[in-house]
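Written out below as structure tokens is the structure these notes cover.
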Amino acid sequence: MNPFVSIVVPLLNEEAYVERLCRSLLEQDYPHDRYEILMADGGSVDRTLELLRRVDTDGRVRILDNPGRTAPAALNVTLRAARGDIITRIDGHSFVAPDYLSRIVSVMEETQESVVGGPVLMAADTPFRRALVQALYSKVGVGSVPYRTLRRRAYVESLQTGSFRRQVLDQVGPFDESLAVVEDLDMNTRIRKAGYRLLLDPSIRFWYLPRPDLRAVWRQIFMVGVVKARILRKHPDIFKWKYVLPTLFVLGALASAITLAIPIGLGGSLVVLAAKGFLGIYALAVLVFALSRLPKLGANCARLLAILPTLHFGYGLGLLRGALEMIGLPRYPQ
């Protein structure tokens, strides 16, 4: 017998994405009487709910209120209402393959694993997103995380969106609502500490639409940095140098810029030469990366000249801002 599956989705002002997402969930090849769709809305002020009801003509989607507004708060709201033996979390900026639920259930039954997920497939539907995706998939951009790049079955440390047997979430507890973003890293860390493994399988397919413009990318990546610092305080054992390298780079860049901007009589000293060299090497690295994507992007590769610094400085400054909370700086608002 097919296990009952609960799909849980956080929503907040998703009018650009909700129709495609909803159709992909309603049109699953899994028996329709064996899954439910729960969406928690954090107070959308656009046409999200109107468009959702337009697509969901049969009223199969259950919409819940999320007074906490954030994604982890929404997930906790839906988890309390979910009836499934399996819980699958899907982002509002996503859509899934027609066999998404079938593959989740099949992989769980085949492997006897309790937590599974698929690699993030980026939907690049605009010139900006096509350039951004090149950065997101690269080591130069954000470190080339395995759940974005792996195309073979493997155990991983984290999944962007996972599917869980109910007893896993009952054991480890709810999502941490003090984390506005990156709540999946915290949850996956707690799951691994409880003794479970996270299995990534490329047959489980979903697509994620990254942020649509530079300003939105900055807001997202800065908050990711802030919250990553909080998670590292909570789970210091998962520390990796790659988490702090962007912040070290930002500090080096700021020191170099100050050295060059303030006349302090150093002239052609080694300090000035080092500052010029640091900034020059970075600028050259960004340029080389952008040019390396010329065959794929054409002239659109020029966008990478702005996207890469946005990712690096946004995350680096965000992590620094989050780290400063340890010494008494007021908590950055979510």
note = Final fewest-first order of Met39, Met108, Met326 on the 10 Å Cβ neighbour count is Met326, Met108, Met39
ask   = Which aspartates and glutamates, on any chain, are close to Lys240 with Cα under 14 Å apart, when same-chain ones fewer than 8 places away are left out?
value = Glu157
key: All Cα pairs of the stretch 100-248, percent lying beyond 19 Å   = 57
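If you take the beta carbon distance between Arg54 and Lys276 as r and set R0 to 51 Å, what does 1/(1 + (r/R0)^6) give as a FRET efficiency, to the nearest 0.05? Numbers along the way, then the final one.
Values: r = 58 Å, r/R0 = 1.13.
After rounding to 0.05, the efficiency reads 0.35.
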request  = Kindly point out which whole DSSP H helices in the chain project their C-alpha atoms 18 angstrom or further along the helix axis while averaging a Kyte-Doolittle hydropathy of 0.0 or above.
outcome  = 214-234, 241-261, 270-292, 304-324
task = Return, ordered by residue number, the residues of the stretch 184-224 whose backbone nitrogen is under 19 Å from a label point located 7 Å along Cα→Cβ of Ala154.
result = 185, 188-189, 192, 197-206
ask   = Taking the Cα-to-Cβ direction at Asp170 and at Lys240 and moving 7 Å from each Cα, how far apart do the two end points lie in nm?
value = 3.3
task = Determine, for Met187, Met223, the number of other Cβ atoms within 10 Å of each Cβ, and report the residues in order from fewest to most.
result = Met223, Met187
query = Taking the alpha-carbon set of the stretch 67-135, what are its Rg and Dmax in Å?
reply = 15.4, 41
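With +1 assigned to the C-beta of every Lys and Arg and -1 to the C-beta of every Asp and Glu, and no other charges, what is the dipole magnitude of the stretch 9-57 about the Cα centre in debye, to the nearest 20?
Values: 6 positive and 11 negative charges, 11 e Å.
In total the dipole reaches around 60 debye.
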message = Which of Arg130, Arg83, Arg47 ends up with the largest GNM mean-square fluctuation for the chain, with Cα atoms connected below 10 Å?
response = Arg47
Relative exposure of Trp241, Trp207, judged by other C-beta atoms within 10 Å (fewest first) = Trp241, Trp207
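As a quick test, which of the pairs Lys228/Lys276; Lys242/Lys276; Lys228/Lys296; Lys234/Lys276 have an alpha carbon distance above 29 angstrom in this structure?
Lys228/Lys276; Lys228/Lys296; Lys234/Lys276
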task = Please state the charge dipole magnitude for the stretch 209-316, taken about the Cα centre, from unit charges on C-beta atoms (+1 on K and R, -1 on D and E), reported in debye and rounded to the nearest 20.
result = 420
message = Nothing charged except the Cβ atoms of Lys and Arg (+1) and of Asp and Glu (-1): what's the magnitude of the dipole of the stretch 5-212 about its Cα centre? Round to the nearest 20 debye.
response = 600
task = Report the residue, chosen from Glu183, Glu14, Glu109, that carries the largest GNM mean-square fluctuation when the chain is represented by alpha-carbon nodes joined by springs under 10 Å.
result = Glu109
inquiry  = Just to be sure I understand the model, the point goes 7 Å from the Cα along the line to the Cβ. What's the resulting Ser203 to Ile327 distance in nm?
reply    = 5.3
remark   = Taking 0.36 nm per residue of separation between Leu260 and Glu177 and subtracting their Cα-Cα distance, the length gained on full extension comes to 25.6 nm
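Any read-out appearing in this document is the output of simple, stated calculations on the displayed coordinates, not a laboratory observation. Nothing here was measured: the structure is a model prediction, and the numbers come from that model. Cβ atoms come from the backbone with ideal geometry, glycine included; neighbour counts cover every protein chain shown.
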